[in-house]
Amino acid sequence: MSSDPRSRVAARHWFSPRARRAATALPILTLGGLAVAAPLVAGHAAVWLLGGAVLLSGALELWQGFFMANDSARRSAFWGGGLSALIGGLLLASPMLVASALALFLGASFIADGMSRLYSAWTSRRQPEAIALDAQGVVNVLLGVLIAVQWPLSGLQVIGLSVGLRILSSGWSMLFTSAPGLRETDQTLVHPDRRLRLPAHPEVARLVAAVQAEEEARRTIDVYWQATFIATFFAIHAGRMSAEWTLVGLASPLVAVAGDIVYAFILALGIVTPVHLGWRALTRSIERRAWARVLAESGPSIGHRVARFAIRHWLLARLRFAVRVHRAYTSPVAALRRGLRIGLPLAAILIAVNPIWGLSWFFNTETWAAGMWERWVEYRVDPWREQMVRAARGRVPAGSAGADRLSVQPPGVAGAADFTFLVIGDPGEGDASQHSLRDQYLALGRRPDVKFLVIMSDVVYPAGAMKDYEACFYLPFKGLGKPIYAMPGNHDWYDALEAFNAVFLTPEAARAAIQARISADYRLTTTTDRRVEALVTEAARLRKEYGVQTGGQRGPYFDLQAERFALIVVDTGVLRTVDADQLQWLRAALERARGKFVMVLLGHPLYVAGSYQGDLTEDFAAIHRLLEEYDVPVVMAGDTHDLEFYRQDYPVGNGQRSMHHFVNGGGGAYLSIGTALAWPGTPPVPDCGYYPRTDALVAKLDRETPAWKQPIWFWVKRLRAWPSTPEFMAGAFDFNRAPFFQSFVEVRVEGSAHRVVLIPHGVNGPLRWRDMQCFGQIIPAHKSLDDPAEFLYPMMSDLPAE
């Protein structure tokens with residue numbers, strides 16, 4: 001180390017309280033500016049940027065709190081930092097919260113934080129610290145009111161502005177809050193809990209010293225077993241997730257372990273410690289009297305010794321807790337150790353009992369890894385897809401030009417007027433719900449008129465990996481005997497579409513597509529040439545072993561042009577977007593289909609759960625306008641796990657046309673209960689319906705939900721899971737027992753009869769009208785509730801649909 005006095009002066013200046021405050025406040029001020037700008041420049045990512053910004057600012061505020069000398073300022077920093085972390089979590093969890101609940105919770109948290117700072121300023125006697133706390137308190141209360149009432153802006157704009165101003169006020173306040181360094185340890189105090197107001201006594205001082213020495217002695221042991229817990233968590237996650245031993249492959253189990261540690265801190269510092277502190281506050285008067293008795297007594301009788309021993313043992317436990325809390329209160333390292341000490345065993349229990357909750361979406365941190373990849377993939381789908389399709393098109397033999405290069409031609413369709421095909425959406429769970437439909441579509445597949453099957457969205461869960469294809473795709477479709485085509489869903493994209501390409505594209509197109517994705521990412525991936533070849537080889541092996549006919553596509557989207565019928569399949573990725581090439585291709589495919597009956601399959605539905613989704617992105621709205629421009633009569637989509645149907649009327653010249661929308665995502669994944677349990681009072685169109693019926697779904701869950709989960713079911717059924725949604729809570733219930741409500745759709749192209757017929761099937765055959773909940777004029781007038789449900793559409797545009 002340099003002995004230059006100037007360097008020592010510079011070091012003291014750098015680590016001075018003022019420099020430390022500036023080093024913490026300036027990043028917070030920067031985060032505040034980013035939060036204000038996020039809704040204006042970040043688009044769909046704004047809510048995630050807001051959540052991350054306020055979460056990071058809360059962490060910085062908590063860190064600064066450890067260095068506060070004034071108790072009032074320290075409490076304010078801890079309270080404000082904790083609320084910032086809560087606000088960040090709410091924003092990151094915003095998809096599971098209804099908009100009004102999110103605004104209400106954020107507003108309430110801002111108001112609570114502001115009131116806390118005003119109270120801290122009132123109790124503080126220091127200047128200018130009290131002024132800074134006063135100003136920040138007033139700002140946060142006003143921002144909380146503005147968020148709660150959504151004024152003068154609404155939605156993400158007011159949230160972004162308010163969150164940004166809150167972060168800015170926190171950073172500004174921090175610049176004026178004193179922080180002279182760590183407070184002196186409690187070695188000079190009689191007892192760590194000063195609220196006991198105990199006088200100095202050598203016995204208490206001896207016990208405090210003994211407890212502190214004991215804590216120091218066990219530190220190494222604590223580090224050892226905590227490291228053992230974390231290593232065990234990693235081994236469990238790596239094994240269950242079949243992680244590849246590469247830097248990218250190990251990222252998923254590492255994220256899961258990080259989630260376990262976060263759960264440990266939430267349990268320890270958010271639940272266990274507050275409960276313990278609350279109980280301690282309630283019993284502090286008893287503790288004070290016990291200390292007074294123990295310290296005053298001398299030479300007790302034999303009868304008193306047992307009671308005195310018990311009291312001393314209880315007081316020693318309380319003293320040990322007080323020492324630990326005080327050390328955590330004044331040292332971030334001690335707080336970290338305490339959180340791990342309490343939380344890791346509880347997190348282990350949570351991991352062990354997680355399967356009894358139903359699907360593992362809630363407490364299984366392996367889904368955090370899926371969420372990490374989801375956030376990354378969301379914004380890479382369009383560039384990936386564009387490069388993939390361009391490369392795959394380049395591998396098509398000469399003679400196929402333009403849009404034809406993405407067309408499929410199953411045997412027996414090209415010149416046929418009559419043929420049938422099946423469409424099944426979101427099948428890939430690989431469990432009883434998926435297999436419940438197997439006998440139905442295999443029986444239909446044996447009919448000679450059935451020419452092919454299309455899987456629409458989410459072929460394989462949870463992340464589209466090749467390791468899951470055997471159980472979730474090849475085995476369920478073994479014996480179909482007809483070509484299978486597929487459109488990827490969001491879960492298939494989480495694998496960067498590698499397994500999907502290997503399974504459904506021709507080998508040459510698959511190799512070209514995967515290599516193009518690698519190039520689009522500047523080769524920053526662990527996918528090597530050897531891995532590409534292994535994927536293609538494994539897909540070919542499984543295709544042969546199970547006799548499943550795949551490998552006939554050249555891209556994730558495609559069309560089929562028959563004599564009088566056109567099927568156009570559009571991949572909308574994760575965020576309901578399409579790249580420029582696909583949009584151009586779609587228009588060309590629609591142009592080629594002029595004069596034919598056109599059926600379009602989308603990755604996401606335009607209408608779902610009684611609401612219109614077409615305005616969620618500009619790309620999605622543009623697709624809807626394009627379909628209206630070309631008078632497309634039938635649009636079908638997956639993604640939501642049930643069966644729904646809507647008739648949308650729209651003006652054309654002096655008259656109107658109808659577009660018939662189907663949600664067909666009940667092919668095997670767990671049911672989407674939001675439609676049946678949260679259907680709006682006024683749906684977006686008058687003629688609509690869904691399957692399963694509300695009464696049938698409620699009867700199933702009433703019967704099958706265990707007693708210990710009944711409060712959750714009551715919350716979902718009676719209160720619509722507010723502030724969350726029934727749809728988000730669907731994973732808490734078990735759908736892998738009969739009765740099953742899975743479904744798929746049979747499409748009969750009957751050119752000889754000038755019509756197209758859509759027939760929904762359930763696990764026991766064709767559905768009947770009474771199985772569905774219908775509104776408006778859905779059921780034909782000449783049909784009874786006991787008749788099979790059929791949707792008939794004429795091929796001639798001047799005839800009305802039945």
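Summary table
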quantity: Output for the range 403-427, where each listed residue is at pLDDT 95 or above and of a type in the set (Asp, Glu); calculated: ASP418, ASP426
quantity: Hey, TYR485 surrounded by 21 or more Cβ atoms within 10 Å (Cβ to Cβ), modelled with pLDDT of 95 or more and under 30 Å from GLY731 (Cβ atoms) or not; calculated: yes
quantity: Which numbered condition GLN434 fails, given (1) assigned to a loop (DSSP other than H, G, I, E, B); (2) crowded, with 20+ Cβ neighbours inside 10 Å; calculated: (1)
quantity: Residue, surrounded by the most Cβ atoms within 10 Å (Cβ to Cβ), within the range 658-679, restricted to residues that are among the polar types (S, T, N, Q) and assigned to a strand (DSSP E or B); calculated: ASN664
quantity: The range 505-554: number of residues that are under 25 Å from ILE455 (Cα atoms) and part of a helix (DSSP H, G or I); calculated: 26
quantity: All positions within the range 166-217 that are open to solvent by 70 Å² or more (accessible area, probe 1.4 Å), within 30 Å of ALA53 (Cα to Cα) and at pLDDT 70 or above; calculated: TRP172
quantity: Test: residue in the range 492-512 that is in contact with an Asp or Glu (Cβ under 8 Å, 6 or more places away or on another chain) and open to solvent by 20 Å² or more (accessible area, probe 1.4 Å); calculated: yes
quantity: Boolean, GLY249 is at pLDDT 75 or above and open to solvent by less than 60 Å² (accessible area, probe 1.4 Å); calculated: no
quantity: Close pairs from the range 523-542: first in contact (Cβ under 8 Å) with a residue 60 or more places away in the chain, partner in a loop (DSSP other than H, G, I, E, B) and surrounded by fewer than 12 Cβ atoms within 10 Å (Cβ to Cβ), Cβ under 9 Å, at least 6 apart; calculated: THR526/LEU247
quantity: Residue within the range 572-592 that is closer than 16 Å to VAL454 by Cα and not in a loop (DSSP other than H, G, I, E, B) present; calculated: no
quantity: ASP639 among the charged types (D, E, K, R), surrounded by fewer than 24 Cβ atoms within 10 Å (Cβ to Cβ) and in a loop (DSSP other than H, G, I, E, B); calculated: no
quantity: Among the candidates GLN777, GLN773, residue that is of a type in the set (S, T, N, Q) and more than 36 Å from the chain's Cα centre (by Cα); calculated: GLN777
quantity: Matching residues, the range 605-629, being touching a residue at least 40 places away in the same chain (Cβ under 8 Å), open to solvent by less than 30 Å² (accessible area, probe 1.4 Å) and assigned to a loop (DSSP other than H, G, I, E, B); calculated: PRO605, LEU606, GLY610, THR617
quantity: Residue that is within 35 Å of the chain's Cα centre (by Cα) and open to solvent by 10 Å² or more (accessible area, probe 1.4 Å), where the choices are LEU586, LEU575; calculated: LEU575
quantity: Residue satisfying all of: in the range 451-473; more than 24 Å from MET636 (Cα to Cα) and not basic (Lys, Arg); most open to solvent (accessible area, probe 1.4 Å) among these; calculated: GLU470
quantity: Some residue of the range 259-273 being open to solvent by less than 60 Å² (accessible area, probe 1.4 Å), in a loop (DSSP other than H, G, I, E, B) and not aliphatic (A, V, I, L, M); calculated: no
quantity: Search result, residues across the range 768-778 that are touching a Phe, Trp or Tyr at 6+ places or on another chain (Cβ under 9 Å) and either open to solvent by less than 10 Å² (accessible area, probe 1.4 Å) or among the charged types (D, E, K, R) (or both); calculated: ASP771, MET772
quantity: Of the criteria (1) surrounded by 23 or more Cβ atoms within 10 Å (Cβ to Cβ); (2) closer than 23 Å to GLY555 by Cβ; (3) in contact with a helix residue (DSSP H, G or I) (Cβ under 9 Å, 6 or more places away or on another chain), which one GLU591 fails; calculated: (1)
quantity: Total residues in the range 765-797, condition part of a loop (DSSP other than H, G, I, E, B) and touching a residue at least 40 places away in the same chain (Cβ under 8 Å); calculated: 8
quantity: Failed item, numbered, when GLY555 is tested on (1) under 24 Å from the mean Cα position of the chain (by Cα); (2) under 27 Å from GLU470 (Cβ atoms); calculated: (1)
quantity: First in the range 275-295 and of a type in the set (S, T, N, Q), second anywhere and in a helix (DSSP H, G or I), Cβ under 9 Å, 6 or more apart; calculated: THR283/ARG318
quantity: Hey, PRO651 open to solvent by less than 40 Å² (accessible area, probe 1.4 Å), over 27 Å from VAL381 (Cβ atoms) and either at pLDDT below 95 or more than 30 Å from the chain's Cα centre (by Cα) (or both) or not; calculated: no
quantity: Restricting the range 313-360 to residues that are at pLDDT below 75, of a type in the set (A, V, I, L, M, F, W, C) and crowded, with 17+ Cβ neighbours inside 10 Å, the residue that is farthest from the chain's Cα centre (by Cα); calculated: TRP357
quantity: Residues of the range 729-744 that turn out to be modelled with pLDDT of 80 or more and either among the acidic types (Asp, Glu) or under 14 Å from HIS641 (Cβ atoms) (or both), as a count; calculated: 9
quantity: Candidates THR705, THR682, THR694 - the one that is open to solvent by 10 Å² or more (accessible area, probe 1.4 Å), at pLDDT 95 or above and either within 28 Å of the chain's Cα centre (by Cα) or farther than 21 Å from ASP771 by Cβ (or both); calculated: THR694
quantity: Contacts under 8 angstrom Cβ, first residue in the range 549-561 being surrounded by fewer than 19 Cβ atoms within 10 Å (Cβ to Cβ), partner in a strand (DSSP E or B) and at pLDDT 95 or above, 6 or more apart; calculated: GLN549/ILE484; GLY552/TYR485
quantity: Residue tally, condition in contact with a strand residue (DSSP E or B) (Cβ under 6 Å, 6 or more places away or on another chain) and in a loop (DSSP other than H, G, I, E, B), over the range 737-753; calculated: 1
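For (1) open to solvent by 40 Å² or more (accessible area, probe 1.4 Å); (2) modelled with pLDDT of 90 or more; (3) under 30 Å from GLY412 (Cα atoms), each residue gets a yes or a no:
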| residue | (1), (2), (3) |
| --- | --- |
| GLU727 | yes, no, no |
| GLY751 | no, yes, yes |
| PRO766 | yes, yes, yes |
| LYS783 | yes, yes, no |
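The values are calculated or read from the model by the stated rules, or taken from the named source; none is laboratory data. None of these values were measured; they are calculated from a predicted model. Virtual Cβ from ideal backbone geometry, glycine too; neighbours counted across all protein chains shown. SASA here: full protein model, heavy atoms, side chains in, ligands and nucleic acids out. Shrake-Rupley method; radii C 1.70, N 1.55, O 1.52, S 1.80 Å.
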